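First up is the structure itself, then whatever we jot down about it.
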Protein chains: 2
Amino acid sequence: MNSNDTDPLAFSFSEPERAAIHKVIRSRRDVRRFLPNPMPDEVLRRILEMAHLAPSVGFMQPWNFIVITDAELRRQVKAMFEQVNAREAARIEDPARQELYTRLTLEGILEAPLNLAITCDPRRDAPFVLGRAPMPETDLFSTCLAIQNLWLAARAEGVGVGWVSILDRPATERLLQLPPGVRLVAYLCVGYPIEFRSRPMLEEVGWKDRQPLGDLVFQDRWGVRSGLFS
Amino acid sequence: MNSNDTDPLAFSFSEPERAAIHKVIRSRRDVRRFLPNPMPDEVLRRILEMAHLAPSVGFMQPWNFIVITDAELRRQVKAMFEQVNAREAARIEDPARQELYTRLTLEGILEAPLNLAITCDPRRDAPFVLGRAPMPETDLFSTCLAIQNLWLAARAEGVGVGWVSILDRPATERLLQLPPGVRLVAYLCVGYPIEFRSRPMLEEVGWKDRQPLGDLVFQDRWGVRSGLFS
């Protein structure tokens with residue numbers, strides 16, 4: 001914070017600081033291919049500390065972080081991925097899309113030096129969590145905000161993160177012995193990547209393009225295009 | 001990225017860059033009190049651009065951003081907040097907590113120069129969104145990742161963001177004329193703040209403490225404490 005606290009712009013970060021923040025947001029990627037190099041504990045600690053500083057509804061901090069290194073556990077998760085992924089591939093009707101899908105690397109469960117399960121515990125502070133009752137999923141949403149902090153903090157350390165959603169959630173929750181009520185929000189592969197691609201992989205391989213932001217911004221009501229990007 | 005691409009640590013950001021990223025994560029706050037100063041369009045554009053760079057399941061980019069400046073619309077949202085908030089206060093059994101609750105400022109709907117509704121459109125790319133079917137809420141989760149990008153990018157501009165969850169969601173969705181299926185994820189107040197507190201407001205007023213991170217980190221299974229923070 002600058003010295004002149006009466007000027008709202010004085011709260012701004014310096015130009016190089018802002019550039020670093022934009023750089024980390026721009027260069028963050030969903031990483032699926034990892035080097036075997038281990039991650040130093042202090043790096044993992046810094047990343048988790050940044051996750052823990054996320055906002056949460058009623059300051060409930062509903063998250064837990066399960067660091068998974070056990071090889072047998074990961075083999076079981078990987079086997080589940082294979083099953084669910086085969087089912088997913090079979091759902092694609094267009095043969096060219098299906099063929100493309102089967103060629104994609106969608107996880108690094110065994111290759112990454114560690115996996116990280118991030119959970120949401122809705123029982124925390126119950127029954128009264130400030131602000132949650134009117135929008136009950138805000139505990140899950142808070143957990144996601146922590147995940148994005150973690151993802152960016154990891155990128156700043158040169159560490160890649162890949163979110164594996166192609167899983168059997170109840171089976172994974174049993175494997176991790178989550179208590180009833182606690183749910184898995186994200187299963188992440190974490191480690192030093194082979195590379196940070198310059199564009200998202202699904203964009204690079206022609207699966208899907210980035211949408212023009214101007215099409216997604218409305219003014220006051222759905223469907224009324226904002227003049228911001230014209 | 002540094003020149004030596006074979007060294008995983010070469011992907012790291014510089015020390016000052018990493019410090020800037022930690023600083024923005026540490027100093028981000030849920031802001032409820034705003035100055036009347038308007039926000040330049042280019043600042044809002046930069047913030048939305050950073051939100052749009054968030055990861056999303058199957059690269060679906062399910063988010064839309066509704067910039068709300070209309071005074072009448074905001075009065076209606078504020079009236080809804082008052083109703084729901086009174087109901088929430090009445091739910092608190094402990095008289096001292098209830099009294100504390102009623103003294104808290106929980107929104108800046110009318111004071112902030114603008115409000116921002118962030119929605120999730122699950123119809124986008126349907127029926128096959130890569131990776132969504134096994135965990136259907138990942139479209140909502142993706143939207144939350146964009147919100148955290150936005151929140152951090154705003155902080156880097158000296159702009160405060162406050163998430164109002166104390167709302168009647170279906171009524172707000174009708175007010176914003178969201179099509180069937182599209183849902184409101186976050187209703188934000190956005191603008192230059194009176195201040196960025198050094199700690200979260202709920203911590204400062206004694207509503208709730210920050211939890212020790214070590215208590216929240218497990219190894220391989222729920223309940224097995226990790227040695228990382230011992």
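The values are calculated or read from the model by the stated rules, or taken from the named source; none is laboratory data. Because the structure is a prediction, the values reported are computed rather than measured. Cβ atoms come from the backbone with ideal geometry, glycine included; neighbour counts cover every protein chain shown. Only protein heavy atoms, including side chains, enter the accessible area calculation; ligands, DNA and RNA are left aside. Shrake-Rupley method; radii C 1.70, N 1.55, O 1.52, S 1.80 Å.
Whether any residue in region B:64-72 is more than 9 Å from every other protein chain (Cβ to nearest Cβ) and in contact with a helix residue (DSSP H, G or I) (Cβ under 6 Å, 6 or more places away or on another chain) is what I want to check.
No.
Just to be sure before I move on: is A:Arg225 within 29 Å of B:His22 (Cα to Cα), of a type in the set (Lys, Arg) and open to solvent by 10 Å² or more (accessible area, probe 1.4 Å) in the structure I sent?
no
Can you pull out every residue in region A:105-160 that is under 18 Å from B:Val217 (Cβ atoms) and of a type in the set (S, T, N, Q)?
Within region A:105-160, A:Asn115, A:Thr119, A:Ser142, A:Thr143, A:Asn149 meet the criteria.
Which members of region A:177-205 meet the condition of being in contact with a helix residue (DSSP H, G or I) (Cβ under 8 Å, 6 or more places away or on another chain), assigned to a loop (DSSP other than H, G, I, E, B) and open to solvent by less than 50 Å² (accessible area, probe 1.4 Å)?
A:Val182, A:Tyr192, A:Phe196, A:Pro200
Please go through region A:208-230 and pick out each residue that is among the hydrophobic types (A, V, I, L, M, F, W, C), facing chain B (nearest Cβ under 7 Å) and not in a helix (DSSP H, G or I).
A:Val217, A:Phe218, A:Trp222
Check A:Glu107, A:Glu111, A:Glu173 and return the single one that is out of contact with any Cys (no Cβ under 7 Å at 6 or more places or on another chain), assigned to a loop (DSSP other than H, G, I, E, B), open to solvent by 10 Å² or more (accessible area, probe 1.4 Å) and over 24 Å from B:Ile21 (Cβ atoms).
It is A:Glu111.
Would you call A:Pro136 more than 30 Å from A:Leu35 (Cα to Cα), more than 10 Å from chain B (Cβ to nearest Cβ), open to solvent by 10 Å² or more (accessible area, probe 1.4 Å) and in a loop (DSSP other than H, G, I, E, B)?
The answer is no for A:Pro136.
Take the residues in region B:8-56 that are outside any strand (DSSP E or B) and among the acidic types (Asp, Glu), then tell me which one is surrounded by the fewest Cβ atoms within 10 Å (Cβ to Cβ).
The extreme case among them is B:Glu15.
If B:Glu72 passes every condition in (1) assigned to a helix (DSSP H, G or I); (2) open to solvent by 20 Å² or more (accessible area, probe 1.4 Å); (3) of a type in the set (D, E, K, R); (4) touching a residue at least 12 places away in the same chain (Cβ under 8 Å) but one, which one does it miss?
With (1) assigned to a helix (DSSP H, G or I); (2) open to solvent by 20 Å² or more (accessible area, probe 1.4 Å); (3) of a type in the set (D, E, K, R); (4) touching a residue at least 12 places away in the same chain (Cβ under 8 Å) applied to B:Glu72, the lone miss is (4).
Scan A:Pro200, A:Pro179 and give me the residue that is under 24 Å from A:Ala146 (Cα atoms), free of Cβ contacts under 8 Å to residues at least 60 places away in the same chain and at the interface with chain B (Cβ under 7 Å from one of its Cβ atoms).
Unique residue meeting the criteria: A:Pro179.
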